[in-house]
1. Just to be sure I understand, how many residues within segment A:38-47 are surrounded by fewer than 21 Cβ atoms within 10 Å (Cβ to Cβ) and in contact with a Leu (Cβ under 8 Å, 6 or more places away or on another chain)?
2. Of the residues in segment A:75-100, how many are assigned to a strand (DSSP E or B) and either among the small types (G, A, S) or away from chain B (no Cβ under 14 Å) (or both)?
3. Could you grab me the full set of residues in segment B:3-29 that are within 15 Å of B:L81 (Cβ to Cβ) and hydrophobic (A, V, I, L, M, F, W, C)?
4. So how many residues does segment A:15-58 have that are more than 14 Å from chain B (Cβ to nearest Cβ), without any contact (Cβ under 8 Å) to a residue 12 or more places away in the chain and of a type in the set (A, V, I, L, M, F, W, C)?
5. Looking at segment B:17-29, which of its residues are open to solvent by 50 Å² or more (accessible area, probe 1.4 Å) and at pLDDT 95 or above?
6. Residue by residue through segment B:53-104, note down the ones that are in a loop (DSSP other than H, G, I, E, B), touching a Ser or Thr at 6+ places or on another chain (Cβ under 6 Å) and either facing chain A (nearest Cβ under 9 Å) or within 19 Å of A:I104 (Cα to Cα) (or both).
7. Go through the residues of segment A:5-13 one by one and say whether even a single one is within 24 Å of B:L30 (Cα to Cα), within 12 Å of chain B (Cβ to nearest Cβ) and at pLDDT 90 or above.
8. Would you check if A:F90 is out of contact with any Pro (no Cβ under 9 Å at 6 or more places or on another chain), under 21 Å from B:L39 (Cβ atoms) and crowded, with 19+ Cβ neighbours inside 10 Å?
Amino acid sequence: AQSVTQLDSQVPVFEEAPVELRCNYSSSVSVYLFWYVQYPNQGLQLLLKYLSGSTLVKGINGFEAEFNKSQTSFHLRKPSVHISDTAEYFCAVTALRGATNKLIFGTGTLLAVQP
Amino acid sequence: DSGVTQTPKHLITATGQRVTLRCSPRSGDLSVYWYQQSLDQGLQFLIQYYNGEERAKGNILERFSAQQFPDLHSELNLSSLELGDSALYFCASSVKGTDYGYTFGSGTRLTVV
């Protein structure tokens, strides 16, 4: 079985500052990894995904994430945040060759960007 | 618009009642997934259908059931509702696997009073 840990429930940051949202996963098999964003009163939107290949993955809205297999981490970063980045961010994992492709989500990190 | 349509957007009902949530997947997507999002439980996987057949079950209560119809739309039925069933219910769809990630609908907010 897979599990995801997002250590920070809330990350406050000032506008134009860099940010890192942490995600660690646990799995006995190889996995696919995802980051989703949820704006207030909306559904989840895919930010980026790691399937294979380069461990640095670039997504939408200037976000990127780095897959680190030895540390079982997939941290999300942005060099300069905007007020509009305020949202809940979810890390998710699924087994590479599982019987099902259900996504297991972390508990989410609220990114609160302040002016 | 993500292409995944969920109806209704909001639902208020009394304890003990039964409701049906509907999901139309994105065109071409064969898999439908249902998730429950609540403040205390986070995003919980409920059930997955692939081309009309149940593929996986998660933390779905016996009072809940789902199905996927030949036109690929899906319905989640919640019965004998309790206050604790109040949550956001999301439907997501994908072509086959999660290679491309899910596409989520905007959810149905269920309030049980």
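The values are calculated or read from the model by the stated rules, or taken from the named source; none is laboratory data. Please read all numbers here as calculations on a predicted model, not as lab measurements. Note: ideal-geometry Cβ built from the backbone for every residue, glycine included; neighbour counts use all protein chains shown. Please note that ligands, DNA and RNA were not included when accessible areas were found on the heavy atoms of the full protein model with its side chains. Shrake-Rupley method; radii C 1.70, N 1.55, O 1.52, S 1.80 Å.
1. The number of residues fulfilling the criteria is 0.
2. Total meeting the criteria: 7.
3. B:L11, B:I12, B:A14, B:V19, B:L21
4. The number of residues fulfilling the criteria is 1.
5. B:Q17, B:R18, B:T20, B:R22
6. Within segment B:53-104, B:T98, B:Y102 qualify.
7. Within segment A:5-13, the subset within 24 Å of B:L30 (Cα to Cα) is none.
The answer is no, given that none of the residues of segment A:5-13 is within 24 Å of B:L30 (Cα to Cα), within 12 Å of chain B (Cβ to nearest Cβ) and at pLDDT 90 or above.
8. yes
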